[in-house]
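Read through the structure below, which is laid out as structure tokens, and then see the notes.
The values are calculated or read from the model by the stated rules, or taken from the named source; none is laboratory data. These numbers were taken from a predicted model, which means no experiment stands behind them. Virtual Cβ from ideal backbone geometry, glycine too; neighbours counted across all protein chains shown.
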Amino acid sequence: MEDEFVWLEEIEGKEALDWVRGQNRLALDRFEANPLYARFKATAERILQDKERIPYGQLRGEWVYNFWRDEEHVRGIWRRAKLADYLKDDVPWEVLLDVDKLAEAEKENWVYKGTEPLPPDHTRYLIDLSRGGKDAHVVREFDAATKAFVPDGFKLEEAKSRVSWYDRDTVVVGTDFGEGSLTRSGYPRVLKVWRRGQPLEEAKTLFEGEFEDVSVGFSRDFKSDPALCLWARHLDFYTARHWLSRGLGSRTAVPVPDDTEFAGFFRGRVMFLLRSDWKAERVRPQMDAVPQGSLVALSAEEVLSTAGGPPVVEVLYVPDERSSLAGVSRTEDALLLNVLENVESKLLRLVPREASGPASWQSAEIPLAEKGTIGVVSANAFTDRVFLSYESFLVPERLYLADGVTAPEVVKTLAEKFDATGLVVDQHHARSTDGTRIPYFVIRRRDLAFDGTSPTILYGYGGFEIPMRPSYMELSGKLWLERGGVYVVANIRGGGEFGPRWHQAALKENRQRAFDDFLSVAEDLIARKITSPAHLGILGGSNGGLLVGAAFTQRPELFEAAVCVVPLLDMLRYSKLLAGPSWMAEYGDPDDPAMRRVLAQYSPYHHLKPDVDYPEVFFMTSTKDDRVHPGHARKMVARMTAMGHKVFYYENIEGGHGAAANLLQQARRYALQYVYFNEKLSP
């Protein structure tokens, strides 16, 4: 099929942007005229900019570092406070960097993208700043002691760079060094050692991947002496080859399967998460095969040794059928394992008992609230103090301080952002087309009338091994639940709710399973009379935008509304656009004839028909999204419009993959979204 709208892939092309502005005007004229819009936007701005939000911070030495945005600091400020002061209600913050002032002074649309500190004193930082929210960013060295950028410090121009500290005067850098230095996905292929005062072009190449790889990576353990360093070639999104070195010297291959994921260093060990069963030669405790989803550790000394045979594989954690390991963090003396059990969290503290034998570990659960999501906000190798968080769909966030000895203490609590009186959360299961039970959460009023008339939003993602966990619904609660709406979160395959197996079940040629799971949840909602097609809308972004696109093109009769945010939609060209090549391990290669046939069976852009009654979909994307190309949404809207279908489109001219570059832009997006859902789904 000839693509008559390929011209819309020219991101900054005049004709394309004229088209975008025209589409934006149509959507804004429609939804801003609704009396709800001004109210929703003001409410979203108030919640997003509320000064009473928890200022989540990173514990670094005696300081707590925080990045903050509000109505006075739209782009944000990076600041810090002593821990004792941070625990007070009125925190005396010390501002390190004002991004609004920096943007004004440099006449740039700067968006803060994060920092990397130099351990152990954490006074030097590499700061990432993006123009308009793109993934590509500039890097500058900052001195927290002087509260200024370092004159003649490390500095990189805009690129999708990877930069890591080695020591105060040395970094390991991957960036756009010129022709041949990037992978086909646009990420670094080459790592160099760059020393202070040295011109970048004189930096020495240390490590190289292949053009077909996704990227290369480097990590250093700052607790080991001499330094332990891990090097990686990321072959695709889920496979990598790893090498270990002492310092920046010769490297030794780490004998783990390619589909393992590096999980950090701990006391001379290098840790990995398994994506498949592993029949290792030497395992402790003994087992025939280490199950997928397990956490294992190898002694660095044994890996680097040339004698003694393969290293012993220490098994630290093994999941069961309904659990998975959602994250691993380390403190000075322990590992923190964030475990999901039936999509709800518990936190384990794992401590090695070296004195009682090399295989002895002590495990204890850290007691926090039940039935929700626990997060490790801040943990590092130089202290046992950690910040932990808890939240659920209806319970506002709480911040805890823990030290590995005493029980965690609540130190900050988010005030309620919506009235949850009379609201309940149910967990149901739908049967997918192959019989698999698919869990989903329903947030609803306790006195809901099960008559099929309740306006309902069904949200899903289902990709990249990312679990959809309970989170406080501050905006959706205020703009939707409080007004009587129902909100549903589907835990479909492709995600990470039950570990690698749940994800792998919907990879590549099995992608349709994720869509079938989502559609089965929709059908189950209708069968339970929670809602009906006339009152059911769907919502998803990025990979979730693909999910929404597949759902409404395959089963349009199930839905009255759909919001499709920063989506992938043209699955026959996605690998030609921006970061698309890096996702071929997830979706498959469109240039492979067999996979092209599979992709063609569900690619939403290619399944549009002029004589089908689709819902009036609202597409949202961003010009500055340099991850998922805005051409996906643009072309979908253009083709649907040409076929005579009514759709809505809004493209934020700024913003990155989140479709908004600051809090005000986020507020506008939420206001548009919920005005649309109210118009389409209300009885």
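What about VAL193, is it under 23 Å from the mean Cα position of the chain (by Cα), assigned to a strand (DSSP E or B) and buried (at least 16 other Cβ atoms within 10 Å of the Cβ)? Before the answer, list the steps.
Values: under 23 Å from the mean Cα position of the chain (by Cα): no; assigned to a strand (DSSP E or B): yes; buried (at least 16 other Cβ atoms within 10 Å of the Cβ): yes.
Here the answer is no, as VAL193 does not meet what is asked.
Just wondering, is there one or more residues in region 277-287 that are among the hydrophobic types (A, V, I, L, M, F, W, C) and either under 22 Å from TRP165 (Cα atoms) or under 22 Å from the mean Cα position of the chain (by Cα) (or both)? Within region 277-287 (the criterion being among the hydrophobic types (A, V, I, L, M, F, W, C) and either under 22 Å from TRP165 (Cα atoms) or under 22 Å from the mean Cα position of the chain (by Cα) (or both)), the answer is no, since none of the residues qualifies. The set of residues in region 43-58 being touching a helix residue (DSSP H, G or I) at 6+ places or on another chain (Cβ under 7 Å) and of a type outside the set (Val, Ile, Thr) consists of ALA44, GLU45, LEU48, GLN49, GLY57.
Under the condition of being under 29 Å from ARG131 (Cβ atoms) and surrounded by fewer than 17 Cβ atoms within 10 Å (Cβ to Cβ), the residues counted in region 43-54 number 3. Which of the residues that make up region 606-632 are farther than 27 Å from PRO581 by Cβ, surrounded by 18 or more Cβ atoms within 10 Å (Cβ to Cβ) and basic (Lys, Arg)? Selection gives nothing.
I need the full set of residues from region 114-167 which are in contact with a Leu (Cβ under 6 Å, 6 or more places away or on another chain) and among the basic types (Lys, Arg), in order please. Answer for region 114-167, where residues must be in contact with a Leu (Cβ under 6 Å, 6 or more places away or on another chain) and among the basic types (Lys, Arg): ARG124, LYS147. Filter region 200-242 down to the residues that are touching a strand residue (DSSP E or B) at 6+ places or on another chain (Cβ under 9 Å), among the aromatic types (Phe, Trp, Tyr) and in a loop (DSSP other than H, G, I, E, B), then identify the one that is modelled with the lowest pLDDT. Filtering region 200-242 for residues that are touching a strand residue (DSSP E or B) at 6+ places or on another chain (Cβ under 9 Å), among the aromatic types (Phe, Trp, Tyr) and in a loop (DSSP other than H, G, I, E, B), the one modelled with the lowest pLDDT comes out as TYR238.
For region 313-324, a residue qualifies if it is over 17 Å from PHE265 (Cβ atoms) and either in contact with a strand residue (DSSP E or B) (Cβ under 9 Å, 6 or more places away or on another chain) or not in a loop (DSSP other than H, G, I, E, B) (or both), and the qualifying residues are VAL315, VAL318, PRO319, ASP320, ARG322, SER323, SER324. For ALA84, state whether it is modelled with pLDDT of 95 or more, among the hydrophobic types (A, V, I, L, M, F, W, C) and touching a Phe, Trp or Tyr at 6+ places or on another chain (Cβ under 7 Å). Against the criterion (modelled with pLDDT of 95 or more, among the hydrophobic types (A, V, I, L, M, F, W, C) and touching a Phe, Trp or Tyr at 6+ places or on another chain (Cβ under 7 Å)), ALA84 does not qualify. Where strands (runs of 3 or more DSSP E) sit wholly within region 26-84, those with at least 2 residues that are aromatic (Phe, Trp, Tyr) and within 28 Å of the chain's Cα centre (by Cα) occupy 63-68. Of the residues examined, ASP524 is not one that is crowded, with 24+ Cβ neighbours inside 10 Å and acidic (Asp, Glu).
Scan region 524-533 and give yes if some residue there is modelled with pLDDT of 95 or more and closer than 28 Å to ASN652 by Cα, otherwise no. Before the answer, list the steps.
To start, the set of residues in region 524-533 that are modelled with pLDDT of 95 or more comprises 524-533.
If we keep only those that are closer than 28 Å to ASN652 by Cα too, we end up with none.
Scanning region 524-533 turns up no residue that is modelled with pLDDT of 95 or more and closer than 28 Å to ASN652 by Cα.
Selection within region 452-507: residues that are in a strand (DSSP E or B) and under 18 Å from the mean Cα position of the chain (by Cα). The member of this set that is surrounded by the fewest Cβ atoms within 10 Å (Cβ to Cβ) is TYR459.
Can you confirm whether PHE211 is assigned by TED's automatic domain parsing to the domain that holds ALA297, more than 29 Å from PHE142 (Cβ to Cβ), aromatic (Phe, Trp, Tyr) and out of contact with any Asp or Glu (no Cβ under 6 Å at 6 or more places or on another chain)? Working first, answer last.
On the way: assigned by TED's automatic domain parsing to the domain that holds ALA297: no; more than 29 Å from PHE142 (Cβ to Cβ): yes; aromatic (Phe, Trp, Tyr): yes; out of contact with any Asp or Glu (no Cβ under 6 Å at 6 or more places or on another chain): yes.
No.
A search for C-beta distances below 7 Å between a residue of region 429-449 that is in the same structural domain as VAL488 (by TED's automatic domain parsing) and in contact (Cβ under 8 Å) with a residue 12 or more places away in the chain and any residue that is surrounded by 21 or more Cβ atoms within 10 Å (Cβ to Cβ) and among the aromatic types (Phe, Trp, Tyr), counting only pairs 6+ apart in sequence or on different chains, returns ALA430/TYR440; PHE441/PHE393; ILE443/PHE393; ILE443/TYR487. Here region 395-419 is the region considered, the condition is being of a type in the set (Gly, Ala, Ser) and surrounded by fewer than 20 Cβ atoms within 10 Å (Cβ to Cβ), and the residue that is nearest to ARG60 (Cα to Cα) is GLY404. Residue count for region 278-300 satisfying the condition of being surrounded by fewer than 15 Cβ atoms within 10 Å (Cβ to Cβ) and modelled with pLDDT of 95 or more: 2.
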